[in-house]
1. Enter the Cα centre distance for the pair the range 105-125 and the range 46-89, rounded to the nearest angstrom.
2. If you plug each phi of the range 74-86 into the Karplus form 6.51 cos²θ - 1.76 cosθ + 1.60 with θ = phi - 60°, what whole-Hz ³J(HN,Hα) values come out, in order, with x for Gly and Pro?
3. By its C-alpha gyration tensor, with a ≥ b ≥ c as the square roots of the eigenvalues, how is the range 75-125 shaped: rounded for a/c under 1.5, else prolate for a/b larger than b/c, else oblate?
4. Quick one: net charge of residue 10's neighbours, Cβ under 14 Å, K/R +1, D/E -1?
5. Over 29 Å between C-alpha atoms is what I'm after, so list which of 26/58; 58/167; 26/139 land there.
Amino acid sequence: MNGNQVGIVLIILGMSLFAFQDVLIKSMAPEASLMQILFFRGIIGTLLLSSFFYFTNKKINFSSSYPVIAISRGVLFFVGFTSYYVSLTLIPLAEATSLFFISPLFMTIFSKFILKDDVGLHRFGAIILGFLGILFIIKPNFESFNWAMLLPILCAATYALSMILAKLTSNQDTSFQQTSHIYISNFVLAAIISLLGPYLISHTGANDGLEFLVRPFNFTNYLFLFFMLIISIFGTLGILCLIIAYRVGSPAANSPCEYIFLIYALLIGYFIFDEVPDLFSLLGMLIIFLSGFYIFIREGIRKMDTATKTSLR
């Protein structure tokens, strides 16, 4: 297999691991603590990632040449994916996943203002189309608006911004450094939030989503502890799959394969959680998929055009 084919296989494997991780997190939500899950995932993920780089003879370095940006990325990831996991307790998995996949559109917007990339008519049209897909899913109205629909969108925005910031630091910070900053932020921030849990519950009248967020740690449920270990391992392996995939293959060829996660989410939601999206939601998912897929394809065409022009000089 060539590099692109290996990358595609790794992307599909990584998405499969993430799908299984989300099933466990959503299943544990009624009784477990999200902060405990993120705390253990941060610690175990850091250890697994360090072991991978150690045994592959790569330098292990937790520092950063851009400490403020590194801290900002860690906070963005934590806030974003905490919001996403809370949303899994409040809305169907397929809808949460679809709203998260609006991230390529946010990346396009942020790249315009931060990286000063040109955003032409094609990508601007894809952005408008993607946000139209959001409206089909959340179906906003003033009488019955579901605020939980905003949580995956927040995750998409923070994830996209953190990826743009990673681009800014990639000339000095390695992939290990950038990933380790996220894991370290996970267990540090999760520990802080868990300590504030009793205060948050007493002063907010916690609903189901917030209770999942700030519930006290539980060390007596061995099944949950085992699930947390599996979540940590699968999440770390999934990230490693993506890191390797984008190093051995072309992002333009590999990125569209991430949308297989939407298929997983639909199947998992239907067969495991009895979740059936309505026709408007399905239409919104399709629109978001098409808009994001078009941006990936368009980026591939632009890079090939640039490479061709460069080779002719």
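1. Each part reduced to its Cα centre gives a spacing of 25 Å.
2. x, 5, 4, 4, 5, 4, x, 7, 5, 4, 5, 5, 5
3. Values: a/c = 6.00, a/b = 1.85, b/c = 3.25.
Note, shape of the range 75-125 comes out oblate.
4. Numbers: positive: 247; negative: 258.
Computed value for this residue: 0.
5. Details: 26/58 35 Å; 58/167 20 Å; 26/139 23 Å.
Among 26/58; 58/167; 26/139, the Cα-Cα distance tops 29 Å for 26/58.
Coordinate-derived values only; no laboratory data. Since this is a predicted model, take the numbers as computed values, not measurements. Positions of Cβ are backbone-derived with ideal geometry, glycine not excepted, and every protein chain shown enters the neighbour counts.
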